[in-house]
Amino acid sequence: MNKVIPYRRPDPGTQPTALYPDYVATRRRAPRQPLVFLPHTLSEVTGPVYGHAKPGEADHDLTRQHAGEPLGERIIVTGRVLDGDGHPVRHTLIEIWQANAAGRYFHSKDQHPAPLDPNFTGAGRALTDENGVYRFVTIKPGAYPWQNHENAWRPCHIHFSLFGPAFATRLVTQMYFPGDPLLAYDPIFQSIPDERARQRLIAGFDLATTQPEWALGYQFNIILRGREETPFEP
Ligand SMILES: [Fe+2]
């Protein structure tokens, strides 16, 4: 068998704590036994390529998926997907999902009293280009209540899912917005012990990406493995 080169393991503190009691769901799902160390084999350092059909023309633009435009603050979210050596991850699929501007998901489980937007589904996908660059146009999601504790509100966020080149690079995470006052109170965000790792989940406002009279721009780079790895969501 060919020699398998394992992926670097995350540095301590840079990933969410499995048991973080303030994030109530972790009390039930965190492992109660010591973790078992699994060496990386060929199954983890390789993986299938996902996406049977190419993303459609409006898949990356969540403001053009219906007859009219969604309400809210139009934004551009762009960045690069890099591997642990800083090389671009080309032609990799990125999927996003998010609440609308009022903080409501288009989902039967979300019944909190905020309006749905008939012109916004809140799901998109895109492939990275030759340089590992992706780009979405969407609206800024609103904060929403989530019943984790008294007066619990999630900061504004966009969910991201990436497959990358291997099972070991699979990443599901959340992108946050700079200066959001709810970050300090959010046990999902705070369950990542390392401050610098937490900061890697906050997009940067970018005037160069911002388009005059059209949309604010945010940069969110995603690093799949290595020292600067983007944290997985808890
Ligand atoms: Fe969410």
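Note down all Cβ pairs under 8 Å where the first residue falls in region 138-157 and is over 16 Å from Asp22 (Cβ atoms), the second is hydroxyl-bearing (Ser, Thr, Tyr) and more than 10 Å from the ligand (Cβ to nearest atom), and they're at least six residues apart or on different chains. Every condition considered, the pairs that remain are Thr138/Thr63; Ile139/Thr63; Cys156/Tyr176; His157/Tyr176. Residues in region 62-88 that are at pLDDT 95 or above and crowded, with 16+ Cβ neighbours inside 10 Å: 15 in all.
Here's the yes/no breakdown for (1) part of a helix (DSSP H, G or I); (2) of a type in the set (A, V, I, L, M, F, W, C):
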residue: Glu44; (1), (2): yes, no
residue: Ala58; (1), (2): no, yes
residue: Ala67; (1), (2): no, yes
residue: Thr78; (1), (2): no, no
residue: Asn100; (1), (2): no, no
residue: Asp110; (1), (2): no, no
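The single residue among Gly217, Gly132, Gly122 that is modelled with pLDDT of 95 or more, at positive phi and more than 16 Å from the ligand (Cβ to nearest atom) turns out to be Gly132.
Among the residues of region 91-119, just one is more than 13 Å from the ligand (Cβ to nearest atom), of a type in the set (Val, Ile, Thr) and within 17 Å of Ala58 (Cβ to Cβ), namely Ile94. The single condition among (1) in contact (Cβ under 8 Å) with a residue 60 or more places away in the chain; (2) under 19 Å from Ile94 (Cβ atoms); (3) among the small types (Gly, Ala, Ser) that Gly204 does not meet is (1).
In region 1-26, the residues that are over 20 Å from Ala152 (Cα atoms) never reach a residue that is surrounded by 14 or more Cβ atoms within 10 Å (Cβ to Cβ) and of a type in the set (Ser, Thr, Tyr) with C-beta atoms less than 6 angstrom apart, at least six apart or across chains.
Tell me whether region 158-168 contains one or more residues that are touching a Gly at 6+ places or on another chain (Cβ under 6 Å) and under 26 Å from Thr41 (Cβ atoms). Scanning region 158-168, I find at least one residue that is touching a Gly at 6+ places or on another chain (Cβ under 6 Å) and under 26 Å from Thr41 (Cβ atoms), so the answer is yes. Under the condition of being assigned to a helix (DSSP H, G or I) and among the aliphatic types (A, V, I, L, M), which residue from region 137-191 is farthest from the ligand (Cβ to nearest atom)? In this case the residue turns out to be Ala168.
The values are calculated or read from the model by the stated rules, or taken from the named source; none is laboratory data. If you're wondering where the values come from, they're calculated on a predicted model, not measured in any experiment. Here the Cβ is made from the backbone with ideal geometry for all residues, glycine too, and neighbour counts use every protein chain on show.
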